[in-house]
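Dumping the structure here so I can ask a few things about it.
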Amino acid sequence: MRVHDSFWTHARDVDLMNRILREKFVELYNMPILENLLEEFQTSYPTLKFPSLPERGDFDMQEVLRSPYFFN
């Protein structure tokens, strides 16, 4: 599944938009999304066995805040 979002802002606010997009991306992906999803599935379907989650990588999400090419 691919998610595509479109953003619009006035040219004078592009730097602000870029900063906010980076901050929200980091906020979102620092949440335990897969862990929460697995817990929800295990609660909803207690008789099913689910595979273990993959190990988290070591990428420092704070790097996104400094990325010049995060959003174009």
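Just the residues that are among the polar types (S, T, N, Q) and in a helix (DSSP H, G or I), please, taken from the stretch 32-72. Don't jump to the end; show me each part of the working.
Within the stretch 32-72, the first condition is being among the polar types (S, T, N, Q), and the residues that meet it are 36, 42-44, 47, 52, 62, 67, 72.
Across the stretch 32-72, the qualifying residues are ASN36, GLN42, THR43, SER44.
Here is a follow-up. So, of the residues in the stretch 1-31 that are outside any helix (DSSP H, G or I) and hydrophobic (A, V, I, L, M, F, W, C), which turns out to be modelled with the lowest pLDDT? Write out each step before concluding.
Here is the first cut: in the stretch 1-31, the ones outside any helix (DSSP H, G or I) are 1-10, 30-31.
Adding the requirement that they be hydrophobic (A, V, I, L, M, F, W, C) leaves 1, 3, 7-8, 31.
Numbers: MET1: 48, VAL3: 53, PHE7: 72, TRP8: 80, MET31: 92.
Taking the candidates together, the pick is MET1.
Which count do you get for residues in the stretch 30-51 that are among the aliphatic types (A, V, I, L, M) and surrounded by 12 or more Cβ atoms within 10 Å (Cβ to Cβ)?
Count: 2.
For the stretch 15-29, how many residues are of a type outside the set (Lys, Arg) and loosely packed, with under 11 Cβ neighbours inside 10 Å?
3
The values are calculated or read from the model by the stated rules, or taken from the named source; none is laboratory data. All values reported here derive from a predicted model rather than from experimental measurement. A quick note on method: Cβ atoms are made from the backbone with ideal geometry, for glycine too, and the neighbour counts reach across all protein chains shown.
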